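Bear in mind these aren't lab numbers, they're just calculated from the coordinates by the rules spelled out. Being a predicted model, the structure only gives us computed values, none of them experimental. With ideal geometry, Cβ positions are generated from the backbone for all residues, glycine too; neighbour counts draw on all protein chains shown.
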Amino acid sequence: MTAVPPCRIALGFDFGRARIGVAVGEAVTGSARPLRTLPTRQQRPDWDVIARLIAEWRPDLLVIGVPRHADDSANAMTAAALRFSRQLHGRFNLPVATIDERLSSWEAEQRYFATAPAGRRRDHDPALDAQAAAVILESWFNQQRSLAPCVKPNF
């Protein structure tokens with residue numbers, strides 16, 4: 001998507017066919033925290049649950065991580081994530097931004113297992129998807145700051 005107006009609260013999404021991680025973040029601090037991981041139904045988002053999260057948090061913006069290969073080419077999930085971003089915009093009439101999410105899962109694992117109890121198995125825990133959504137959202141906040149470091153949000 002293109003230029004996005006300044007925001008205060010954003011929801012971040014780590015889209016997957018089996019699960020969708022969701023995080024909430026604040027633009028002023030540039031921080032985000034995992035909210036929850038939503039299971040999909042027959043590889044489709046649970047739009048009712050997403051609508052409830054949007055109603056609860058009242059975000060100004062939705063940020064979706066778009067996976068790509070290391071060489072920046074599209075992979076099997078790229079088109080699906082972009083379709084999800086268009087559906088979010090169409091259903092909720094909110095600005096939607098996308099960001100490259102190549103290393104978000106790795107970063108989420110590093111954060112998660114740094115604070116997990118000793119002996120925690122490294123099997124895929126659904127909480128990692130929500131943590132990845134927080135990484136995606138923080139990356140987007142950081143990218144916006146680097147694009148306009150002298151501009152302060154006008155709230």
Worksheet item: Based on the mean of other beta carbon atoms within 10 Å per residue, what is the order of 39-52, 80-93, 13-26, most packed first?
Response: 13-26, 80-93, 39-52
Discussion item. I need 60, 71 ordered by Cβ neighbour count within 10 Å, fewest first.
Written reply: 71, 60
